[in-house]
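The values are calculated or read from the model by the stated rules, or taken from the named source; none is laboratory data. Please read all numbers here as calculations on a predicted model, not as lab measurements. Note that each Cβ is placed from the backbone with ideal geometry, even for glycine, and that neighbours are counted across all protein chains shown. Side chains are part of the model used for accessible areas, which takes the heavy atoms of the whole protein and leaves out ligands, DNA and RNA. Shrake-Rupley method; radii C 1.70, N 1.55, O 1.52, S 1.80 Å.
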Amino acid sequence: MHLDKVTAPALRTMKEHGRRVVALTAYDYPTAQLLDQAGVDLLLVGDSVGDNALGLENTLPVTLEMMLHHTAAVSRAAKRALVVADMPFLTYQVDPSAALENAGRLVREAGAEAVKVEGAGRRAIEAIEALVEVGIPVLGHVGYTPQSTHAFGASRVRGKDAAAARLVLAAAHRLESAGCSAIVLECTPGPLSRRITEELAVPTIGIGAGPHCDGQVLIVNDVLNLGVAGTFRPRFAKQYADLAAIINEAVSSYASEVRQDLFPGPEHSFDMPQEELQRLTEETTKS
Ligand code: KIV
């Protein structure tokens, strides 16, 4: 297995060698450490931290401070994987110098090795160009972009008809021209994702974008079933383990043992020498 540290330029080399990019989101130190050790190439500290780890409704309330906190934890854990931090809503669209300052904090204070921004409109492109110019690698993100949730209708899938597909294709090209190291395609039809993947030199990383992308990313909570019961799980998210069931069983056993005085046993307790106990008893009964 290829164990070298994954860098932003390595993503393009992986595409050139036909090697898929394996990406997952990560929001905390222990999970990031497990994913890194399991060989995940890219850890995305997504602003999906809002709805997946912080109990928020969606990604819109996520702040730069929250991203700094979670990115720093993931960076401390990642030894091999590339750590990419999402730039929250309105931290890059207002003006390119604010984008530089905010991305700079994610890199300098939290250890991000690249940042990701959503969309390919004028403001996003200006921000990307400014970041790339100072040496901050950027991942783009088109198709369904959760920070624009209020601007979309009910369907998440972007580019189903020819006119809409042309817009997504053009957006992906603009991101590549602006200097993005890779582009996340979210909820784009498989044939469109394939066309984009074939036309771009930089890798596409799909989420709900079919099998023809250069890599795949999923939300770690969906993969491991770490969500709260009843949480929306999109059709494209495959569950590979049921940690919710494992946690429920383990915690129920703990609770039952505590209630029955079975835990802690002697092997989980500390003792003290008999003579010290006796001295304590004598000293405390004298006074
Ligand atoms: O925030 C996130 O986790 C993302 C993924 C959906 C790609 O942007």
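Check Glu109, Glu129 and return the single one that is over 21 Å from Thr25 (Cβ atoms) and either of a type outside the set (Gly, Ala, Ser) or more than 16 Å from the ligand (Cβ to nearest atom) (or both). It would help to see each step written out before you state the result.
Numbers: Glu109 fails: over 21 Å from Thr25 (Cβ atoms).
Going through Glu109, Glu129 in turn, just one is over 21 Å from Thr25 (Cβ atoms) and either of a type outside the set (Gly, Ala, Ser) or more than 16 Å from the ligand (Cβ to nearest atom) (or both): Glu129.
Select from segment 246-274 the residues that are assigned to a loop (DSSP other than H, G, I, E, B) and of a type in the set (A, V, I, L, M, F, W, C) and write down the one among them that is nearest to Gly50 (Cα to Cα). Don't jump to the end; show me each part of the working.
Step one: of segment 246-274, the residues assigned to a loop (DSSP other than H, G, I, E, B) are 260-265, 269-273.
Okay, now just the ones that are also of a type in the set (A, V, I, L, M, F, W, C), so 262-263, 270, 272.
On the way: Leu262: 38, Phe263: 35, Phe270: 41, Met272: 47 Å.
Among them, the one singled out is Phe263.
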Q | Selection count, segment 159-189, where residues are open to solvent by 20 Å² or more (accessible area, probe 1.4 Å) and within 19 Å of Gly215 (Cα to Cα) | A | 6
Q) From the set of residues in segment 198-211 that are in contact (Cβ under 8 Å) with a residue 40 or more places away in the chain and not hydrophobic (A, V, I, L, M, F, W, C), which is least open to solvent (accessible area, probe 1.4 Å)? A) Pro203
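On the basis of being modelled with pLDDT of 95 or more and assigned by TED's automatic domain parsing to the domain that holds Val49, does Val258 make the cut?
Numbers: modelled with pLDDT of 95 or more: yes; assigned by TED's automatic domain parsing to the domain that holds Val49: no.
Here the answer is no, as Val258 does not meet what is asked.
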Q. Only one of (1) within 14 Å of the ligand (Cβ to nearest atom); (2) without any contact (Cβ under 8 Å) to a residue 60 or more places away in the chain; (3) within 17 Å of Asp47 (Cβ to Cβ) is not met by Thr149, so which one is it?
A. (2)
(Q) Show the residue pairs meeting these rules: Cβ distance below 9 Å; 6+ apart or different chains; first residue within segment 238-257 and surrounded by fewer than 12 Cβ atoms within 10 Å (Cβ to Cβ); second residue part of a helix (DSSP H, G or I). (A) Lys238/Asp222; Lys238/Val223; Tyr240/Val223; Tyr240/Leu224; Ala241/Val223; Ala241/Leu224
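Pick out, from segment 23-105, the helices (runs of 4 or more DSSP H) lying fully within it that include 1 or more residues that are more than 18 Å from Gly227 (Cα to Cα) and open to solvent by 20 Å² or more (accessible area, probe 1.4 Å).
So the answer is 29-37, 64-77.
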Q. Hey, does segment 119-134 have a residue that's in contact with a Leu (Cβ under 7 Å, 6 or more places away or on another chain) and not aliphatic (A, V, I, L, M)?
A. no
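Every residue, every condition in (1) on the phi > 0 side of the Ramachandran plot; (2) open to solvent by less than 70 Å² (accessible area, probe 1.4 Å); (3) aliphatic (A, V, I, L, M); (4) within 16 Å of the ligand (Cβ to nearest atom), yes or no:
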| site | (1), (2), (3), (4) |
| --- | --- |
| Cys213 | no, yes, no, yes |
| Gln216 | no, no, no, yes |
| Asn225 | yes, yes, no, no |
| Pro266 | no, no, no, no |
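If I filter segment 114-132 down to residues being open to solvent by 60 Å² or more (accessible area, probe 1.4 Å) and in contact with a helix residue (DSSP H, G or I) (Cβ under 9 Å, 6 or more places away or on another chain), which single residue comes out as farthest from Pro9 (Cα to Cα)? Steps first, answer last, please.
As a first pass, look at segment 114-132 and keep what is open to solvent by 60 Å² or more (accessible area, probe 1.4 Å): 122-123, 126, 129.
With in contact with a helix residue (DSSP H, G or I) (Cβ under 9 Å, 6 or more places away or on another chain) added as a condition, the list becomes 123, 126, 129.
Numbers: Arg123: 24, Glu126: 21, Glu129: 16 Å.
Only one residue tops the list, namely Arg123.
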(Q) Checking the structure you have, find out if any residue of segment 157-177 is assigned by TED's automatic domain parsing to the domain that holds Ala120, within 15 Å of the ligand (Cβ to nearest atom) and not hydrophobic (A, V, I, L, M, F, W, C). (A) yes
